[in-house]
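The values are calculated or read from the model by the stated rules, or taken from the named source; none is laboratory data. Note that the coordinates shown come from a computational prediction; the quantities given were computed from them, not determined experimentally. Note that we place each Cβ from the backbone using ideal geometry, even for glycine, and neighbour counts take in every protein chain shown. Just the protein is used for accessible areas: all its heavy atoms, side chains included, with ligands, DNA and RNA removed. Shrake-Rupley method; radii C 1.70, N 1.55, O 1.52, S 1.80 Å.
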Amino acid sequence: MDYHDLFDLKKNKRIGIMGGTFDPIHYGHLVTAETARSEFALEKVIFVPSGNPPHKSEAMVTRKEQRYLMTVLATAANPYFEVSRVEIERPGQSYAIDTVREFKSKMDEDSELYFITGADAIFEIVTWKDVDGLFDRCTFIAATRPGFNLDALREKLLKRLPIEYLKKIIPLEVPAMAISSTDIRQRIRNNRTVKYLLPEEVENFIYKNKLYRVDH
Ligand code: ATP
Ligand code: MG
């Protein structure tokens with residue numbers, strides 16, 4: 001792939017990746033990324049909107065350029081946040097391992113990559129492409145809401161993953177967890193308010209482009 005992001009990965013030692021469909025991006029994503037940045041002393045968090053998510057069919061997802069633009073709008077004011085187009089530009093399905101490999105190849109040998117996900121996504125990790133390759137290259141930060149039963153998740157994961165891998169999954173308690181893109185899309189379809197669930201710039205973009213009006 002010829003595409004290169006504008007930001008430089010060489011000068012940072014601790015980098016976070018926040019992958020997602022971001023359809024649309026909301027304060028759950030942003031609070032999680034910012035909390036991870038601050039708690040884990042990350043120098044940069046790179047948001048990576050997926051191009052063609054393997055788990056979601058194309059007709060059901062908003063055009064990738066629009067999801068990318070919403071991610072840029074939502075992250076523009078945070079000096080630690082960047083948005084990568086690698087998955088948008090890469091043909092075929094988007095797999096985390098391809099992105100992780102690409103970032104790692106551009107980072108210094110001794111720098112560390114942290115993959116930030118919601119705890120719901122962490123359980124699905126066992127179904128992701130090249131799980132061994134992922135655990136080889138990064139540490140996972142699993143965002144949970146206050147009161148989330150982490151022990152139950154650990155037990156479930158232990159049946160599917162080696163213990164060395166489990167040690168590379170670090171929980172992070174995050175507020176504002178009840179927000180989801182699914183709920184926001186539904187609210188818009190039903191003419192209900194989404195104010196304060198996502199940045200105003202993103203909300204305006206959604207109305208201007210008439211996103212989420214039709215039921216798929
Ligand atoms: P959808 O409802 O369409 O599945 P979503 O809100 O889960 O969307 P995604 O783009 O699928 O958003 O999620 C990207 C990443 O952000 C995933 O790792 C997911 O677990 C995490 N995430 C989603 N919502 C939250 C939230 N409220 N707080 C923390 N993490 C979240
Ligand atoms: Mg989701």
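Which of (1) within 24 Å of Leu30 (Cα to Cα); (2) more than 16 Å from ligand 2 (Cβ to nearest atom); (3) open to solvent by 40 Å² or more (accessible area, probe 1.4 Å); (4) without any contact (Cβ under 8 Å) to a residue 60 or more places away in the chain is the odd one out, the single condition Thr139 does not satisfy?
The number of the failed condition is (3).
Being surrounded by 17 or more Cβ atoms within 10 Å (Cβ to Cβ), within 16 Å of ligand 2 (Cβ to nearest atom) and of a type outside the set (Gly, Ala, Ser) narrows it down to one of Thr117, Thr127, so name that one. Spell out the reasoning first.
Working: Thr127 fails: surrounded by 17 or more Cβ atoms within 10 Å (Cβ to Cβ).
Within the list Thr117, Thr127, the selection yields Thr117.
Restricting to segment 165-198, give me the number of residues that are of a type in the set (D, E, K, R), within 12 Å of ligand 1 (Cβ to nearest atom) and more than 17 Å from His29 (Cβ to Cβ).
0
Before we move on, is Pro49 under 19 Å from Leu198 (Cβ atoms) and within 14 Å of the chain's Cα centre (by Cα)?
Yes, satisfied.
Considering only segment 30-53, state which residues are closer than 10 Å to Gly16 by Cα and β-branched (Val, Ile, Thr).
Those that are closer than 10 Å to Gly16 by Cα and β-branched (Val, Ile, Thr): Val45, Ile46.
Applying the selection to segment 45-56, what residues are modelled with pLDDT under 95 and either open to solvent by 80 Å² or more (accessible area, probe 1.4 Å) or not polar (S, T, N, Q) (or both)?
Matches in segment 45-56: Gly51, Pro53, Pro54, His55, Lys56.
Do we find a residue being open to solvent by 50 Å² or more (accessible area, probe 1.4 Å), touching a Ser or Thr at 6+ places or on another chain (Cβ under 9 Å) and within 16 Å of ligand 1 (Cβ to nearest atom) anywhere in segment 57-78?
Yes, that holds for at least one residue.
Can you tell me which residues in segment 13-44 are away from ligand 2 (no atom under 16 Å from the Cβ), buried (at least 16 other Cβ atoms within 10 Å of the Cβ) and part of a loop (DSSP other than H, G, I, E, B)?
Passing the criteria: Phe40, Leu42.
For Arg213, only one of the following conditions fails: (1) within 25 Å of Gly16 (Cβ to Cβ); (2) open to solvent by 50 Å² or more (accessible area, probe 1.4 Å); (3) more than 14 Å from ligand 1 (Cβ to nearest atom). What is its number?
Among (1) within 25 Å of Gly16 (Cβ to Cβ); (2) open to solvent by 50 Å² or more (accessible area, probe 1.4 Å); (3) more than 14 Å from ligand 1 (Cβ to nearest atom), Arg213 violates only (1).
Kindly evaluate Asp151 against the criterion of being in contact (Cβ under 8 Å) with a residue 40 or more places away in the chain, away from ligand 1 (no atom under 16 Å from the Cβ), open to solvent by 20 Å² or more (accessible area, probe 1.4 Å) and more than 19 Å from Val48 (Cα to Cα). Lay out the reasoning, then the answer.
On the way: in contact (Cβ under 8 Å) with a residue 40 or more places away in the chain: no; away from ligand 1 (no atom under 16 Å from the Cβ): yes; open to solvent by 20 Å² or more (accessible area, probe 1.4 Å): yes; more than 19 Å from Val48 (Cα to Cα): yes.
Here the answer is no, as Asp151 does not meet what is asked.
Given the condition open to solvent by less than 80 Å² (accessible area, probe 1.4 Å) and either modelled with pLDDT of 95 or more or under 20 Å from Val72 (Cβ atoms) (or both), answer yes or no: does some residue in segment 155-167 qualify?
no
In segment 181-216, what residues are acidic (Asp, Glu) and in a helix (DSSP H, G or I)?
Result: Asp183, Glu200, Glu201, Glu203.
Looking at Ala178, Ala121, Ala142 in this structure, which one is small (Gly, Ala, Ser), in a loop (DSSP other than H, G, I, E, B) and closer than 23 Å to Thr71 by Cα?
Among Ala178, Ala121, Ala142, only Ala178 is small (Gly, Ala, Ser), in a loop (DSSP other than H, G, I, E, B) and closer than 23 Å to Thr71 by Cα.
Hey, Asp98 hits all of (1) part of a helix (DSSP H, G or I); (2) of a type outside the set (Val, Ile, Thr); (3) farther than 18 Å from Arg137 by Cα but one; which does it fall short on?
(3)
Of (1) polar (S, T, N, Q); (2) modelled with pLDDT under 95; (3) within 11 Å of ligand 1 (Cβ to nearest atom), Asn12 satisfies all except one. Which?
Answer for Asn12: the failing condition is (3).
Which one of these is at pLDDT below 90 and not β-branched (Val, Ile, Thr): Phe148, Phe115, Phe140?
Of the residues listed, the single one that is at pLDDT below 90 and not β-branched (Val, Ile, Thr) is Phe148.
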